[in-house]
Amino acid sequence: MTSSAFSTGSWPLAIRVAPGDRRERQRKSLRVQARICLDDASKVEAHTIDLSHHGVSITSPRPLNEGVGCTIELGGSASALAASPALQAEVRYCTQLCDSQFRIGMRFTSVSIEAAELILAVLGT
């Protein structure tokens, strides 16, 4: 069964290219492993590019459709030691970087207190 979150077959119709600089808020480069957990229980391994108070940009080997909701787990193998703070997000854009990589911008829709504290610490504010 194929997830509706993944763009298959006709994916170019569902993916929008990100405009020049969509964010108006401070962002900071953050390169860590991430796991994107979708509503249908499928998971996508990814890497973060940057982080702001309102969202995160990642690279992934699979495209995701705009509007798809997900949970983001940061830290890769570190998550085995401690639970990752809850970051709920929605895909805002997805653009192809090369044959096997996509850049995906996500806006946070729900952030736990622990995740908010982590974001503040990373951004230094």
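Laid out as a table, the results:
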| read-out | value |
| --- | --- |
| Environment charge at residue 34 (Cβ cut-off 9 Å; Lys +1, Arg +1, Asp -1, Glu -1) | -1 |
| Orientation-averaged projected area, Cα convex hull of region 25-123 (nm²) | 6.0 |
| Estimated inter-spin distance, residue 109 and residue 42, nm [label 7 Å along Cα→Cβ] | 1.7 |
| Net charge, residue 48 excluded, C-beta distance under 13 Å - Lys, Arg +1, Asp, Glu -1 | +2 |
| Order of 51, 30, 64 under a 10 Å beta carbon neighbour criterion, fewest first | 30, 51, 64 |
| Ranking of 74, 87 by count of other Cβ atoms within 10 Å, fewest first | 74, 87 |
| Neighbour-count ranking [beta-carbon atoms within 10 angstrom, fewest first] of 49, 119, 58 | 49, 119, 58 |
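No value in this document is a laboratory result; all are computed from the given coordinates. Note that this is a predicted model, so its numbers are computed, not measured. FYI the Cβ positions are ideal-geometry reconstructions off the backbone, even for glycines, and counts take in every protein chain you see.
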